[in-house]
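Read-outs: derived from the displayed coordinates by stated rules, not from any lab. Worth saying up front: this structure is predicted, and the values here are computed from it rather than measured. Cβ placement follows ideal geometry from the backbone for every residue including glycine, while neighbour counts extend to all protein chains displayed.
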Amino acid sequence: VMSPNPIRYEVLERITKEFAVDAVVDLTWQGCHTFNVEAFSVKKFVTETLGLPSLHLETDYSTSDTEQLRVRIEAFLEIVKGKKSGKKA
């Protein structure tokens, strides 16, 4: 993976429209610096260009961060749900 990767953004825009998504979750495996380098720009692209809520998660895929991930994802889903229904989160 090379950075910047403009095709990543083109694909992201196409699939968010194709699947009519309400939000984007960007996952990076801990230690995968290649994708983590673009996490900030992906979030900016999703929120500013696509106008969608975005959540970036970083995990080592062990059970040690399961609860933290659960809490963050649940909170994010509440925000998405609130935006979809027109309420302020």
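Looking at the range 6-51, which of its residues are buried (at least 17 other Cβ atoms within 10 Å of the Cβ), of a type in the set (A, V, I, L, M, F, W, C) and under 10 Å from the mean Cα position of the chain (by Cα)?
Ala23, Val24, Val42, Val46
Just need a number here: residues in the range 37-76 that are without any contact (Cβ under 8 Å) to a residue 24 or more places away in the chain, of a type outside the set (Gly, Ala, Ser) and either closer than 15 Å to Asp26 by Cβ or not in a helix (DSSP H, G or I) (or both).
Selection size over the range 37-76: 7.
Name every residue in the range 36-72 that is among the aliphatic types (A, V, I, L, M) and either farther than 19 Å from Arg14 by Cα or touching a Ser or Thr at 6+ places or on another chain (Cβ under 8 Å) (or both), in order of residue number.
Val37, Ala39, Val42, Val46, Leu50, Leu52, Leu57, Leu69, Val71
Of the conditions (1) in a helix (DSSP H, G or I); (2) surrounded by 15 or more Cβ atoms within 10 Å (Cβ to Cβ), Gly82 clears all except one; give me its number.
Tallying (1) in a helix (DSSP H, G or I); (2) surrounded by 15 or more Cβ atoms within 10 Å (Cβ to Cβ), Gly82 fails exactly one: (2).
Give me a count of the residues in the range 48-69 that are among the hydrophobic types (A, V, I, L, M, F, W, C) and either in contact with a Leu (Cβ under 7 Å, 6 or more places away or on another chain) or farther than 30 Å from Lys17 by Cα (or both).
Total satisfying the criteria: 2.
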